[in-house]
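Worksheet: the structure to be examined is printed underneath.
Readers should treat all values here as calculations from the given coordinates under stated rules, not as data from a laboratory. Remember, it's a predicted structure, so these values are computed and weren't measured experimentally. Positions of Cβ are generated from backbone atoms using ideal geometry, with glycine treated the same way; all protein chains shown enter the neighbour counts.
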Amino acid sequence: MCSLHPEIAVFYMKSKQSFKNASGFGLGASHLRWSLDHLAGGDADLADHVQQWGYPPERRSPGGFAALLRIVIGQQLSVKAAATIAARVEALMPDGLTPAGFLNADEASLRAAGLSGAKVIYGRGLARAVYDGAFDPAALAVMPDDKVTAEITALKGFGIWSARMYLMFSLGRPDIWPADDLGVREGLRRLRRLEARPSIKEAEAMGAGWAPYRSSVALFCWHILNNAPLKAGD
């Protein structure tokens, strides 16, 4: 596991906030490596797993309407299934995933692409809000986390999980802990070598000690899940 020279680490800690503000995305590869090394210095389980599985890749999604639509498409689906459906939906729109394109697409085609009736309604509500100017995704970039969450969850069909996904992958916020995500909780179970997957409440409490870098650990939990084979008894 890589560690920073003390003088470099001090410089990084002083400058990383200004770097995040300048870049607009605070979950880049260098931040993931540094934050996980920093946390692993006081967490033997995390240190062992980082040494075994390495660092999670940077995951970044351009923000805006398309990112939010992909999030609602991905609710309660595997990553692969969500990507397949999103590609089918996008294929219906010659100009890509835009509010006007989604509003103009007929419901039968959207359903045939794999969207449930509820997700068609949620997508149309999002598209209408953006198209009419009632909701401005670009404005989220300068809002604090709690305000972003409030703005997104005010949209029909968008809950806390959806807001957290946007905060992490489109805005790169470093201290988001999606304890309601099944994959995060399963990764956490393996990280802590637990017999049972922690509940949402338990996962919330377990993640508190990783603040203010909880997004990095959430990404690492997914990384474990994607790379560590399930052992007998798991």
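Provide the FRET efficiency to the nearest 0.05 for the Ala134-Met93 pair, computing r from the beta carbons and using R0 = 22 Å. Could you put the intermediate results ahead of the total?
Details: r = 21 Å, r/R0 = 0.97.
Calculated value: 0.55.
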### Å³ per residue enclosed by the Cα convex hull of the range 65-169
90 Å³
### Query
What FRET efficiency would be calculated for the residue pair Ala141, Lys201, taking the C-beta separation as r and a Förster radius of 35 Å, to the nearest 0.05?
0.65
### Message
I'd like the orientation of helix 182-191 relative to the chain: the angle between its Cα long axis and the longest Cα principal axis, in ° from 0 to 90, rounded to 10.
### Response
10 degrees
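For Ile160 and Ser30, calculate 0.36 nm times their separation in residues minus their Cα-Cα distance, and state this gained length in nm to one decimal. List each step's numbers first, then the result.
On the way: separation 130, 0.36 × 130 = 46.80 nm, distance 2.73 nm.
Separation in residues times 0.36 nm, less the Cα-Cα distance, equals 44.1 nm.
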#### Entry: Residue-by-residue Karplus 3J(HN,Hα) for the range 39-44, coefficients 6.51, -1.76, 1.60, Hz, glycine and proline x
5, 5, x, x, 9, 5
### Extent along principal axes [Cα atoms of the range 23-91; Å; largest to smallest]
46, 28, 15
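Nothing charged except the Cβ atoms of Lys and Arg (+1) and of Asp and Glu (-1): what's the magnitude of the dipole of the range 169-216 about its Cα centre? Round to the nearest 20 debye. Working shown, then result.
Numbers: 9 positive and 7 negative charges, 35 e Å.
Here the size comes out at about 160 debye.
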